[in-house]
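Data block below; observations after.
Each reported figure results from applying straightforward, stated rules to the coordinates on display, with no laboratory input. Everything quoted here is computed from the prediction, not taken from an experiment. We place every Cβ from the backbone using ideal geometry, glycine too, and count neighbours over all the protein chains shown.
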Amino acid sequence: MNLKNEINKSWKTIFKILSRKKYFLIALGTAIIIFSLLYYFMVATVAKNSLKTALMMSGVNYIYATFLLILILSLLFGIYFSMVIFKFSLSMSMGKQGFAGIIGSLVGAFGVGCPTCGAFLFASIGAPLALMYLPFKGIELQILGVIILLLSIYLIGKSIYSNCDIKKRN
């Protein structure tokens, strides 16, 4: 089978699963929680946790790009988590794609923060100004996180459609 057909089948599987109310609500709830956390990380090191101050310090384009990327990361993690729950409900092992999704989420989360004030997660490991040394001040980490999450969602969808018939399950 060619790659285009595999990708198509994988995404159809994902959309079939998310069309179920239970898994859609899991994805949405998880996305809201993750977005709230990442938004907090974005403004946590800024004076008074102010988005306005973050805009002045880091610039409008940087904050808009970060905001958009944390929205995308949150939605993808919500979908990923919902797929993990579905796969566990089928008593299937997670394997490599489970690990990849966690890594993708962590990599993306490390890219969130104010490069001049210090990124919240980098500060927790003793390198608060680490984003200052990256060429795009952490945007590249967020994009890498999105790519890894997309790949892990695809791999979970592929393993589900190749191992079971979704129509037979609740």
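Between LEU28 and LEU68, what is the label-point separation in nm under the 7 Å Cα-to-beta-carbon projection?
2.5 nm
Set the Förster radius R0 to 41 Å, insert the Cβ-Cβ distance between ILE85 and SER50 as r into 1/(1 + (r/R0)^6), and round the FRET efficiency to 0.05. Could the numbers behind the result be given before it?
Working: r = 36 Å, r/R0 = 0.87.
Efficiency, from the Cβ-Cβ distance: 0.70.
Taking the Cβ-Cβ separation of TYR40 and LYS9 as r and a Förster radius of 35 Å, what is the calculated FRET efficiency to the nearest 0.05?
On the way: r = 37 Å, r/R0 = 1.07.
After rounding to 0.05, the efficiency reads 0.40.
Beyond a 27 Å Cα-Cα separation, which of these cross-linked pairs lie in this structure: LYS22/LYS137; LYS22/LYS158; LYS9/LYS87; LYS21/LYS158? Kindly include the intermediate steps, with their values, before the conclusion.
Numbers: LYS22/LYS137 38 Å; LYS22/LYS158 21 Å; LYS9/LYS87 16 Å; LYS21/LYS158 21 Å.
Beyond 27 Å: LYS22/LYS137.
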